[in-house]
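Working notes, beginning with the structure itself.
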């Protein structure tokens, strides 16, 4: 039976530390930590995710401000708001809730965020730093996965890591982060011809596709670490990419869905905000 | 017998196009294209490489200016020169010749180059753009490898690509570029436990380690594409990572050393300079 990672517990520990550090700094400098979220259009899951984050945000001691835009908002409107928020002394982090409507370029939007307010680590300058081994602000899901791996105590150097996701939000930055730690890294995705050949050799398998049961027992190496960052709504409720019951007695360590990567990712948003806030108030 | 890629011919075609475009623009705008190289300390290979590039630079119609620093130059001196060059209207590209002495942080230096003068594509903002699929200025060796792959006509989508190099200059950006084209990408390096297991499945194998004969016949898949970006000086002269004679009748396509990736990389420096120059004079 695999060890099941308790994501909520890891998240709580991060949030407690962030909360305590923020409180000290806020009382020392007399500035309330605050984060702005830009939400464009109506998306049920975005709303849900925002509410979850807002609640957690309050617990940690971060003011949350929401900037709502209609579905047909122009790029200009969004960018003007970002430029205003960049200058706003009371805002320490800016987040653009995804998905954004198709007529908007996520690149144009993200590249306008001041790297010193880029709470998601998605501004080009922060992403570029990763290549050069400067992990200033790291994208939240990859950061959460690193925290979980760290928690397992696995040695990354020389490990065979396989990532199923090649998005700019998860797969690509995670690949660079694992390479920075000298893992051997393979990145697979929907165009990969023989997924099984990659996954069954993986000491560490990270999957984030949103395809329930993509990863079954046959995909998994004995005693390996399985990180499931997939989220799907099914008739049985929220589930990940992994056939948990089929895999759990073959893997060595596994993250559940829900209660695995998700809560740690939210905690990592706050950890990034702490970094940005600290740099701002201490002028570092 | 594998098809042997003629790197010099590919390079010449790029240089001819760059030269012709630069001439037209230079006569239209009356501004001479110019590039600055920063060289720190004495390094025989850097000198040789600079001379080769300077010669080619002249042929293409790019003025080359050299800024020499002693071995014990401070970071401040280098950075001040970069900041001056960023403002210098007569300079369109800045290159920092590697290696740089150990007491200097390559990150601190590269991150000061104006992304619009970053001829090597190593400024964090340009590197970060790669993640988001915006290939503005792409690092020169990865760009050269893409040009060669393009020349072979191989379909990258779904191909198994293996890269042996995980530096910020070659392996990491190349991985992202190939993922942008939907290849499945594995990145190996000195910490990889079973290199053979990766290489023998590779439709495309890129190696850049500087270890002669690292890749022998047994490492190579039948009919695959072998890109050798390694360079070593041996008693027999300059050679790459691949046992060329052992591999050449098993691979489908192979690049030689010398005369493969090297000349294309130099041509790509000029192509990047053309992009930067064009943007500058046309105000794009």
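The values are calculated or read from the model by the stated rules, or taken from the named source; none is laboratory data. Predicted model, so just to flag it, every value in this text is computed and none were measured. Cβ sites come from the backbone with ideal geometry, for glycine too, and all protein chains shown count toward neighbours.
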Could you pull out the residue among B:149, B:205 that is assigned to a strand (DSSP E or B) and either in contact with a helix residue (DSSP H, G or I) (Cβ under 9 Å, 6 or more places away or on another chain) or free of Cβ contacts under 8 Å to residues at least 60 places away in the same chain (or both)? B:205
Name the residues in the stretch B:32-70 that are at pLDDT below 95 and not in a helix (DSSP H, G or I), would you? B:41, B:42, B:43
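Condition check ((1) within 14 Å of chain A (Cβ to nearest Cβ); (2) in contact with a strand residue (DSSP E or B) (Cβ under 7 Å, 6 or more places away or on another chain); (3) more than 22 Å from residue A:200 (Cβ to Cβ); (4) in contact (Cβ under 8 Å) with a residue 40 or more places away in the chain) across all residues:
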residue	(1), (2), (3), (4)
B:159	yes, yes, no, yes
B:171	yes, yes, yes, no
B:174	yes, yes, yes, no
B:195	yes, yes, no, no
B:200	yes, no, no, no
Matching option when the condition is modelled with pLDDT of 95 or more, touching a strand residue (DSSP E or B) at 6+ places or on another chain (Cβ under 6 Å) and more than 14 Å from chain B (Cβ to nearest Cβ), among A:147, A:117: A:117
Does the stretch A:214-231 contain at least one residue that is modelled with pLDDT under 95, assigned by TED's automatic domain parsing to the domain that holds residue A:150 and within 24 Å of residue A:175 (Cα to Cα)? yes
Among the candidates B:107, B:191, residue that is in a helix (DSSP H, G or I), surrounded by fewer than 23 Cβ atoms within 10 Å (Cβ to Cβ) and within 7 Å of chain A (Cβ to nearest Cβ): B:107
Please go through (1) part of a helix (DSSP H, G or I); (2) touching a strand residue (DSSP E or B) at 6+ places or on another chain (Cβ under 8 Å); (3) without any contact (Cβ under 8 Å) to a residue 12 or more places away in the chain for residue A:245 and return the number of the only condition it doesn't satisfy. (2)
Members of the stretch A:44-53 found to be surrounded by fewer than 18 Cβ atoms within 10 Å (Cβ to Cβ) and under 24 Å from residue A:83 (Cβ atoms), listed by number: A:46
Looking at A:209, A:199, A:184, which one is more than 28 Å from residue A:134 (Cβ to Cβ), assigned by TED's automatic domain parsing to the domain that holds residue A:146 and either crowded, with 24+ Cβ neighbours inside 10 Å or at pLDDT below 95 (or both)? A:199
Going through the stretch A:68-96 one residue at a time, which ones are more than 18 Å from residue A:276 (Cβ to Cβ) and touching a helix residue (DSSP H, G or I) at 6+ places or on another chain (Cβ under 8 Å)? A:69, A:75, A:78, A:79
Note on residue A:276: of the conditions (1) touching a helix residue (DSSP H, G or I) at 6+ places or on another chain (Cβ under 7 Å); (2) surrounded by fewer than 21 Cβ atoms within 10 Å (Cβ to Cβ); (3) in a helix (DSSP H, G or I), unmet is (2)
Please find, within the stretch A:74-103, the residue that is farthest from residue A:38 (Cα to Cα) out of those that are buried (at least 21 other Cβ atoms within 10 Å of the Cβ) and within 14 Å of chain B (Cβ to nearest Cβ). A:100
Examine the stretch A:215-231 for a residue that is out of contact with any strand residue (DSSP E or B) (no Cβ under 7 Å at 6 or more places or on another chain), without any contact (Cβ under 8 Å) to a residue 60 or more places away in the chain and within 14 Å of chain B (Cβ to nearest Cβ), and state whether such a residue exists. yes
Can you find a residue in the stretch B:133-142 that is at the interface with another protein chain (Cβ under 9 Å from one of its Cβ atoms) and over 19 Å from the mean Cα position of the chain (by Cα)? no
Residue A:133 buried (at least 17 other Cβ atoms within 10 Å of the Cβ) and outside the structural domain of residue A:44 (by TED's automatic domain parsing): no
